[in-house]
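Worksheet: one structure, shown below.
The values are calculated or read from the model by the stated rules, or taken from the named source; none is laboratory data. The model shown is predicted, which means the values in this text are computed figures rather than measured ones. When we count neighbours, we look across all protein chains shown, and the Cβ atoms used for this are built from the backbone with ideal geometry, even at glycine.
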Amino acid sequence: MPGGEQSDPDSTGSSHGSEDGSGQGNDQGDGQENGSAGESTPTTSSLTLVTSGVNGTTGYASGLIPGVTEDSGTCTLTATRGSRTVSATTAGHGATGSTNCGTTEAELSSGTWTLVLSYSSDTTTATSDPVEVTIP
């Protein structure tokens, strides 16, 4: 499966974003900042999960945002377990009538994790319903 850029401030310099259980995770916000007057607020859309699951120690998800066609956004997979957070990103790709978030993967330690896939651009934000996966 194609991977994405991953981040975990607790990892030891690895660009893979592997969750190493060493402490607090990355507190992910909604990616929005308050802009100056005159800036438009992104439209909130739904993000439909197409796939999600585990492959060994990798949690993954893919999805689409129906009714939005753009190539300018970022898809983020956020995995949480207790106070630990691991995230990975991929680029969103416009298709006829939707924007696709391809398979986005994050290396996780054993346990039950909650995965949420989100999309953010200058004009659109979308978040999937959470799904739980278990890494053996």
(request) Confirm whether SER98 is among the hydroxyl-bearing types (Ser, Thr, Tyr) and closer than 17 Å to SER46 by Cα. (result) yes
(message) Exactly one of these conditions fails for THR114: (1) touching a Lys or Arg at 6+ places or on another chain (Cβ under 8 Å); (2) closer than 30 Å to SER40 by Cβ; (3) not small (Gly, Ala, Ser). Give me its number.
(response) (2)
(request) Would you check which residues across the range 57-105 are closer than 20 Å to ILE135 by Cβ, touching a strand residue (DSSP E or B) at 6+ places or on another chain (Cβ under 8 Å) and not in a strand (DSSP E or B) and list them? (result) THR57
(message) Checking the structure you have, find out if any residue of the range 127-136 is at pLDDT 95 or above, among the aliphatic types (A, V, I, L, M), within 15 Å of THR51 (Cα to Cα) and part of a strand (DSSP E or B).
(response) yes
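Evaluate the following for SER118: is it polar (S, T, N, Q), under 10 Å from the mean Cα position of the chain (by Cα) and part of a strand (DSSP E or B)?
Details: polar (S, T, N, Q): yes; under 10 Å from the mean Cα position of the chain (by Cα): yes; part of a strand (DSSP E or B): yes.
Judged against the criteria, SER118 is a match.
Hey, can you tell me all the residues within the range 100-129 that are among the hydroxyl-bearing types (Ser, Thr, Tyr) and within 10 Å of SER87 (Cα to Cα)? Quick ask: steps written out before the conclusion?
If we filter the range 100-129 for residues that are among the hydroxyl-bearing types (Ser, Thr, Tyr), which is where we start, we get 103-104, 109-110, 112, 114, 118-121, 123-125, 127-128.
Of everything in the range 100-129, just one residue is among the hydroxyl-bearing types (Ser, Thr, Tyr) and within 10 Å of SER87 (Cα to Cα), namely THR104.
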(message) Just to verify a result, which residue in the range 82-114, among those that are touching a Gly at 6+ places or on another chain (Cβ under 8 Å) and free of Cβ contacts under 8 Å to residues at least 40 places away in the same chain, is surrounded by the fewest Cβ atoms within 10 Å (Cβ to Cβ)?
(response) GLY97
(request) Filter the range 115-125 down to residues that are under 14 Å from ALA91 (Cα atoms) and not polar (S, T, N, Q) and give me whichever is surrounded by the most Cβ atoms within 10 Å (Cβ to Cβ). (result) LEU117
(request) Look through GLY38, GLY56 and report the one residue that is surrounded by fewer than 18 Cβ atoms within 10 Å (Cβ to Cβ), out of contact with any Ser or Thr (no Cβ under 8 Å at 6 or more places or on another chain) and at pLDDT 95 or above. (result) GLY56
